[in-house]
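This report concerns only the one structure given below.
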Amino acid sequence: MSDRVAPVDPSDVEGQLFGRAAEITRILAKHGLKDVLGRGSSDELTSLARARRLREALEELGPTFAKLGQILSTRPDLLPPEVIEELSTLQEEVTPLTEAEVVAVMEEELRVPWEDVFEHIEPAPLAAGTIGQVHRATLEGGDRVVVKVQRPNAATDIYRDLGLLELLASKTADRPTFRRLVDVPAVVEHLSASLKRELDFRMEAANIDRMRGVLDSYSRLDVPAVYGELSSSRLLVMQEVQGVPVREAPEGTLRTEAARQLLESYYEQILTVGFFHADPHPGNMKWWNDKIYFLDFGMVGEVDPATREYLLLLLMAFWREDVPFLTDVLLMLSGDDQRSDLDVGKIETELGELIGTFRHSSLKEIQLGPVLQGITEIAAHNDMRLPASMALTGKALAQMQLTAAELDPTLDPFAVAGTYLFKSLAGRLRDRADPQRLVYDAQKAKVRLTRLAEAIERMAGTRPGQRFQVQFTGTERLEVTIRNAARRVSVGIVAGTCIIATGVTADSHVVGSWLPITLGIVGAVLAIGLMLDILRGNR
């Protein structure tokens, strides 16, 4: 198989840009986009009218810009809500490839005549998009498959338009007029990375294989098989999922079980694995063989471990209606917890109002996607930059929960979340019951506690090194008091750790009974000694 992407060098794009730049300028002027960019009177157009003009201009600019607009519609952290809503209606209006064009790309990638591999290929496409076109086919062995073929000029056209956008970003990076509308460099960076990933079909194949592993424990969820030996960067051959739209799944326990697993799997994808299908609308799911099959893995999202932890805390704080803690988590997530120029009171008020919109809803009526999207918009209004994955996560959760609600309207998202978190915690406890893991964790805790105790003692001046010094006149006993306090804190930490470890190891069947007994005795002795020391000091 061919392992190359279409031979396009982005560094050679500039020589091809001038004609396209003139055409883009003409179309933007035709639709009055100078007002959208802030060069005209902002009072002449409403926000909705400007958004509509932007959408119409992108459609006229052609397939690549329509694709860019669709990607932008997933980023409420970068664009105003009215623009997001308008761009979400963009459609890819492209002329389908001819049969000869499809065959030419297939044979170039297969390096053999198509008849040597396929028994039959449906001439009419299932779908035709900016980057690829999809056809049903039958392999020589009789397997029914779908074949995704990349358009011959897709890479050339996309690199050309991205080159123009990158020039625009470089020209507008320091212009406040543009930055008030949108962070152009951030937009272009995101679009460029997304489109370049979509140009390599091997990435989509890898996404499918990775998701198969994530869904392995869910009996009602699956993904199509990939024929790796027939696939390349411009050709993707997959098992044909022959079922019905997921909305048409037959009523019964299998349908409701699939809905619950769909919801639970998204908690795992986002909060545990950090890898999720980012476009789970009903059109990208089918019901076949009593399972929900995910389709179209051109758009996936990834969430780093730190963001996953904060995201879980956000949902829990929202559930408990704890506005101050929700604000703290949001500030930590954006990295703005040390900023002095933020109006924290205003942020708390806006978050409180967001919670208020859901306060009288039952748990099963709360939509997790809109919750996260609302939090993202509040952050954007207050000049806080959240991780890009947050916006995509909110959109994916919104789409997924609507699908799950269609399958089972009685499903409670927070009840499923509680079940998932309990199972996740139980799994972690089982992992920690491993003797080698226990020894490792004990040693790690010992080192950390030792370093903490040493740091406290250095601050108090009882060990060499940098110390915390306060010069007061006539307070000779202060240093002795600090030393005693540091010693007591250190002993208290160690005693508490031993007592906790006693409970953990006593409940485990994989360690000897001597270990919890020993830890308990050490903890008790230290605790008694600490109490006596405190009593002596108070006399």
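The values are calculated or read from the model by the stated rules, or taken from the named source; none is laboratory data. What you see is a predicted model, and the numbers here were worked out from it, not measured in a lab. Because the Cβ atoms are built from the backbone with ideal geometry, glycine has one as well, and the counts that use them run over all protein chains shown. Keep in mind that these areas ignore ligands, DNA and RNA; they rest on the heavy atoms of the full protein, side chains included. Shrake-Rupley method; radii C 1.70, N 1.55, O 1.52, S 1.80 Å.
The number of residues in the stretch 277-296 being in contact with an Asp or Glu (Cβ under 8 Å, 6 or more places away or on another chain) and buried (at least 17 other Cβ atoms within 10 Å of the Cβ) comes to 8.
Taken together, the residues in the stretch 104-126 that are in contact with a strand residue (DSSP E or B) (Cβ under 9 Å, 6 or more places away or on another chain) and surrounded by 15 or more Cβ atoms within 10 Å (Cβ to Cβ) amount to 9.
If the condition is being open to solvent by less than 10 Å² (accessible area, probe 1.4 Å) and either under 16 Å from T25 (Cβ atoms) or touching a residue at least 60 places away in the same chain (Cβ under 8 Å) (or both), then the stretch 48-60 contributes only A57. Taking the criterion of being charged (D, E, K, R), closer than 17 Å to L386 by Cα and part of a helix (DSSP H, G or I), the residues of the stretch 263-312 that qualify are R308, E309. Of the residues in the stretch 254-267, none is at pLDDT 95 or above, within 18 Å of V145 (Cα to Cα) and open to solvent by 30 Å² or more (accessible area, probe 1.4 Å).
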